[in-house]
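This report refers to the structure that appears directly beneath it.
The numbers here are math on the coordinates, done by the rules we state, and not lab data. This is a predicted model, so every value here is computed, not measured. Positions of Cβ are generated from backbone atoms using ideal geometry, with glycine treated the same way; all protein chains shown enter the neighbour counts.
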Amino acid sequence: MLGEGWSPANDDAYEHFELARAAAAYAESASDNNRDRAKMQMEPVKPTAPGIWPFDIEWFKSKSRRSDLVKCSALAIAQIEAIDRRGAVNRAEFDEIIAKGKDRKAGAAELASQGKPVRLYRPNGAAAAVAGPDFEKPGVSRLTFLDTHGPTGHMEFQTLAGAIEEGLRYYSETPLPEP
């Protein structure tokens, strides 16, 4: 962050897991066996960016295995923190909408109209669900169920509002009325 001048706001601007793909590219570069052969032959080798690299090639700055793994770790942490910030903001926004007197279904519709993912929790905190766009399937929204060990399944919807409403049905203290 200090060396390149990046900030959490920059990280939050990426919507298609570019930071995770960049981390994977550095991990792949760190595991490249051609570097060992080049050292033994005393020939300089400039690593090329793996195909998963999401940015302009000039931004791929591989130096050593250790350096690549540090960059991989930093990018992975940045992606995790961006996901956490997005979830926290959307939960806070949802709570704020409900506090204004709107019912949960109207709150879900409001967030869905903004295209924002929503993280929902069971009252005991033991399980959660995330409703948001499916980045691998344009035009499809996904409700992913989570427990303390990670994802446990998902459902696909044609609208984000539908995914959020279904999540609310499962993850709220008071069930939504049936449509």
Förster-model FRET efficiency, 35 Å R0, V70 and F135, C-beta, rounded to 0.05: 0.85
Highest-first arrangement of 58-70, 131-143, 18-30, where packing means the average Cβ count within 10 Å: 18-30, 131-143, 58-70
